[in-house]
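Please treat every number below as a calculation from the coordinates, not as lab data. Computed from a predicted model, the values in this text were never measured in an experiment. Note: ideal-geometry Cβ built from the backbone for every residue, glycine included; neighbour counts use all protein chains shown.
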Amino acid sequence: MEETPLLNACEWLAANPSESARVASRIFKVPKSTIRSRITRAAVPRKPAHGGYNKVLSTAQIEALKKWILEQYYLGLGANRNMVYKAVCYLRNPLPAPSQSWLSKIHMEAWYPENLHGNELILLSETGYSNSQLALRWLQHFIELTAPHDQGNPTLLLLDSHISHRSDDFLILTAEHYIILLAFPSHLTHVLQPLDVGIFQPYKHWHKQAVLRAIREVDITYNLPLFMRDLSQMRERTFKDSTIQSAFQKAGIWPISCNTALDKLRTYSQPTQPTQPTTPTLPQAITPIPTTIQGVEQGLQQWKERVPQAFSSPSRQSYRTRPTGCSAAGQELEEEAGGPGPALKLAAAEARKLSQAQNRARKLAATEARKLSQARNRARNQLKQAGIKARKQEQARKKSLAQLTELGLPIPPELEDPITDLEAEPESQYESASEGGSGRRSE
């Protein structure tokens, strides 16, 4: 850069901060205002020349877009200008929260192509998630496709531990069709369930191939109709006999192999951290905290036998009551914890169904009694209001009669008959009125 008097004056002031712009103006023959303006402009940060603060995408989105363009190039597709523009628009829109949901609200005819086999069952959910009603309808569909069901040759159905698979209606329906339910333990389906172990991986592979084929056919948005179109082919390529048998073998179900599941547990488990050597300390004479139900029961039994000996009679009785209640509660919790496991109990489901039916009958009877009481109260209030109105009209009639008689005028026929007070009628008429009001209400 060529040196100028203004630049030399600014550099001299920077090297001599104690001097003023007036002195630099006399030395370098530059106006004092020009020097001050140059120093002020240099202190203000300058904006980029091409508007770098107004970016369409973030840095991470730009890198993701570059990576996607390179992937399309290596796949032989080639991302043209229209594809890149749609990708940028997609990145600009806020993404919905990830979820696994059912088709919701309504069916659309455009969803279902003609290549479906006809025996598919597609369910909708108002909330977008599975529930007991959908699970029961799926079970009915399963029973239809696996018929006939023989008592001497029951069917084994493997399921996860979702709450919809443990409803009373679900258990009773499986028992009626001689289906044995076996539920996998919670949080272990990635180790024990054949779908997770050996089916979903090829399923995702063929789904990816279908998406790439749609992109090659310039179907940029892989939506629900396209997915339903490719679903039959994806299922045929995934659910082969060899794939299903391999999945059961990888899960250790058949041939039975406990070591297979244990090896997977070790693979997925977190690595143990090496323990640091510690200085040995003297053992402390304290009671260890129990960590199992068996340890709790043993501790309660020990204290029940030793502690009450020093108590008075009322305190001894109160103390013995509490451990007994704790033991009963612990046993109840243990039964509940083991309840929904592999052996799902039919008798308990039938008992709950009977209890629910009885509760519904009691609620229905209470509702009918409440409606009858409300109808009687309405009839009583109506009679009361009618009686008040009749008495007022009777008072007005008598007043009019007195005025006409006093003036010697003729009495109209409508004032000759007294007005009846309905509230003063016999109880039988009240009962009939209440029954009539209840009947009209029920109609």
Tell me the Rg and the Dmax, in Å, that the Cα atoms of segment 362-431 produce. 19.3, 68
At q = 0.16, 0.19, 0.20, 0.23 Å⁻¹, what base-10 log of I(q)/I(0) does the Debye formula yield for segment 193-232 when every alpha carbon is treated as an equal point scatterer in vacuo? -0.44, -0.57, -0.62, -0.74
Between Ala347 and Leu182, 0.36 nm times their residue separation minus their Cα-Cα distance comes to what? 57.8 nm
Once you've got the Cα coordinates, tell me which of Lys204/Lys250; Lys363/Lys384; Lys67/Lys208; Lys66/Lys208 are over 22 Å apart. Lys363/Lys384
Provide Rg over Rh for segment 104-268; use the alpha carbon set for both Rg and the Kirkwood Rh (inverse mean inverse pair distance). 0.99
Distance in nm between Asn80 and Ala42 label points, each 7 Å along Cα→Cβ, equals 5.5 nm
FRET efficiency estimate (nearest 0.05) - Cβ-Cβ, Ile244 to Glu120, R0 22 angstrom: 0.70
